[in-house]
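Just below is one structure, and these are the notes that go with it.
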Amino acid sequence: MEPLEYDNDYLVTGLKEGDPVIFKIIYKLYWERLYHVAYYYLKDEKDAEDVLQDVFISLWSRRSHLDIRAALENYLVRSVKYTSFFYLKIKMRNKTMMGTLPDVAPSNQTEEYISYRGLLEQLNAIFETTSHKTRDIFYLNRFNGLTYSEIASRLEISVKTVEYHISVALKVLGLHRLV
């Protein structure tokens, strides 16, 4: 039996209107693909499940403010990638910190996870106020580790445009004086 096809605009409109049935349809349509994307980057079932949960919670909580211009599936895949990169960044930072501080007692992982989720929500809320391009460029630089010239080449834009969007993102984050 062939799965039902849903119009992208229908799904996005229903989501923005807060229709829980549409949200459930979106979840059922995309969860498996999104899980595989998260697992591809994280190589851990639990982390992949956590990423999916974070993305869908964020999608529902920000539904009325979303500005989805492309296909919903593409938007969700991009969200899963960025959230996965954020998870990896946190894991790397934790490994580095634990490696440099071997005598420190293990911290409370539950507290770290709660803090992490809070930070993720704050980051998502902050980037709601920026353009998709600014957010994408910032994530490519900070979470993927791409240089400005690599981003410019990938997105077929100038390095100056990349610099501009990074500076906008840093100003929004209040970090422009720290760089």
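All of the numbers you see were taken from the coordinates with simple rules; none came from a lab. Values in this document were obtained by computation on a predicted structure and should not be read as measured data. Cβ: placed from backbone, ideal geometry, glycine included. Neighbour counts: every protein chain shown.
Charge tally around Pro20: other residues with Cβ under 15 Å, Lys/Arg +1 each, Asp/Glu -1 each, net +2.
Beyond 18 Å in Cα-Cα separation lie the following of the pairs Lys133/Lys160; Lys133/Lys171; Lys46/Lys89; Lys46/Lys91; Lys46/Lys81; Lys24/Lys46: Lys24/Lys46. Each residue of the range 55-67 is assigned a 3J(HN,Hα), and the resulting list reads 5, 6, 5, 5, 4, 5, 6, 9, 3, 6, 9, 5, 10 Hz, derived from the Karplus form 6.51 cos²θ - 1.76 cosθ + 1.60 (θ = phi - 60°), x at Gly and Pro. Summing Cβ point charges (Lys, Arg +1; Asp, Glu -1) relative to the Cα centre of the range 1-89 gives a dipole of roughly 340 debye.
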